């Protein structure tokens, strides 16, 4: 059963990080797909990768989408990819986080 993250963090009282962790726990295939897509782009010679672009490609590839695939999660997925693949760090541009 897909997990939906409803409302903003203000409405739910949950931080974006908490929402992300819940979504990721219920949808591990999303991370695996993003990881594969990033790896393909880097293997093809890309030196910079836009996780937002990969996110949108994933949305188009999933026939019924994924409920709760929130744009607020792109930075958290990028950070997770870098944590898991430190050699990819230069491929992603990260900004300082304003909130936990």
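Scan region 12-25 for residues that are part of a helix (DSSP H, G or I), in contact (Cβ under 8 Å) with a residue 40 or more places away in the chain and farther than 17 Å from residue 59 by Cβ and the total you get is 3. Taken together, the residues in region 72-86 that are under 16 Å from residue 36 (Cβ atoms) and surrounded by fewer than 15 Cβ atoms within 10 Å (Cβ to Cβ) amount to 1.
Could you check region 53-83 and list, in sequence order, the residues that are more than 10 Å from the chain's Cα centre (by Cα) and part of a loop (DSSP other than H, G, I, E, B)? The answer is 62, 63, 64, 65, 66, 67, 68. Scanning region 35-52 for residues being at pLDDT 95 or above and under 12 Å from the mean Cα position of the chain (by Cα) gives a total of 3.
The values are calculated or read from the model by the stated rules, or taken from the named source; none is laboratory data. In this text the structure is predicted, and so the values were computed from the model without any measurement. Neighbour counts are summed over all protein chains in view; Cβ atoms, including those assigned to glycine, are modelled from backbone coordinates with ideal geometry.
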